Structure formats: C-alpha cells, structure tokens
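A short worksheet on the structure shown next.
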Amino acid sequence: MQTPLELSFLHMETDDALRDLIEDRVAQLDALFDRITSCHVTLQPGHNRHRQGNLYEVTIEVRVPGTELVVHPTKDDAPAHEHPQVAIRDAFTAMERQLRAHKQKMSGEVKHHDGMLQGRIAQIDHAADFGQINTTDNRLIYFHRNAVVDGDFDALKLRDPVELVVNTRDSAIGPQASTVRPIGALDYDP
C-alpha cells in the first residue's frame, strides 16, 4: 500500500489483538492486489439488541486506481457478529471478493456470457408433435411440442430461427431441447 492503514475503533477501547487481526487481513488484501493505494477500517459495536448482544460493525474502504471499494455493515448482519473477530472475518471476505472482481475487470478476465444457443428448424412433424433443430454449433437437436414457448408449435416451419436450451441428460434419442423459443430473423446470429 502507498499509505499506511487507517484503523479506527469507535465507541470502544483499542484492542491490540483485534488490531493485529485487522493488520494481518489488510496484508492479505495487499498480497491479493498490489495496487491498493490506501485502506481505512472502522470497527464499532452496534446498537444494543434485546435478543442478541451488540453486533459489531466493520466498515472497510479500499482505494485502488480509478475507484474505491467499500464494505458496509448490513442491517441483517449475522448473530455471530456479536464476536468482533467474526465480524472482521466476514467483512474482509466480502472485500476480497470485490478486489478479485476488480482485478479481473482490470486485466480483462471478465467473463462474457454468450447469448443463447440458436438454430433453425431442420425437420418438423406436426402430426407426431416433434421436430429437429440444426444449431449454430452444428448439432442436430430433437425437440417436442411441449418444449416450445412464446409461440405456437403448429406455426413453426422449416428454416424458422429459434433459440433453445439443450437438456444435458442423455436420452435414447440423443440430445434434446428442453426449451425452444421462436425468434425473428433479425435476432438470429449464426
């Protein structure tokens, strides 16, 4: 880190054991992502609760190039947060997730979800209530009348574009679509 850790104990005495725990967790964050410029951690007991004791609240603010990542206490914190060590652990785990996501985004490793699998009707038998789809990944997928959504099975004809979800379980007739949705020709992306 470029600047030293800023650590605040609000409405409570400074605790060396908690300070050491927080410093260790900040060092782990710094090892996870070496471009952290600063980190501010606040620990404080929450409001008294009738059924539960004080729930400790931990706020973590981490500054990295281009943004600031923040973990705030939530209203529905776990009852285990009566123990400051548990509240600290959970807050730093949440910050680690944010740092990993930020690191992936910066390095271009963000997952890009492709659209749904598409295809065109290759065979259709309205009397027997089934058809086959030639998909964009060059597979021939069976489908039944009951798999068609957002449309009418009887209105489907050869070469109509569709989106589909393929059932991953093996069947006697090979791969089959669990969902088939007719799409317009402009939505079709081979």
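The values are calculated or read from the model by the stated rules, or taken from the named source; none is laboratory data. Not measured: the values here are computed from a predicted model. Glycine gets a Cβ as well: all are built from the backbone with ideal geometry, and neighbour counts include every protein chain shown.
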Which condition does PHE92 not pass, out of (1) loosely packed, with under 13 Cβ neighbours inside 10 Å; (2) in a helix (DSSP H, G or I), if it passes all the others?
(1)
Looking only at the range 152-188, count how many residues are surrounded by 11 or more Cβ atoms within 10 Å (Cβ to Cβ), within 17 Å of MET116 (Cα to Cα) and at pLDDT below 85.
4
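Condition check ((1) without any contact (Cβ under 8 Å) to a residue 60 or more places away in the chain; (2) exposed (fewer than 11 other Cβ atoms within 10 Å of the Cβ); (3) in the same structural domain as VAL86 (by TED's automatic domain parsing)) across all residues:
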| site | (1), (2), (3) |
| --- | --- |
| MET1 | yes, no, no |
| ASP16 | yes, yes, yes |
| ILE22 | no, no, yes |
| GLN28 | no, no, yes |
| ALA31 | yes, yes, yes |
| VAL41 | yes, no, yes |
Matching residues, the range 67-85, being at pLDDT below 90 and assigned to a helix (DSSP H, G or I)
PRO79, ALA80, HIS81, GLU82
Find the residue count for the range 46-66, including only residues that are surrounded by fewer than 18 Cβ atoms within 10 Å (Cβ to Cβ), at pLDDT below 90 and of a type outside the set (Gly, Ala, Ser).
8
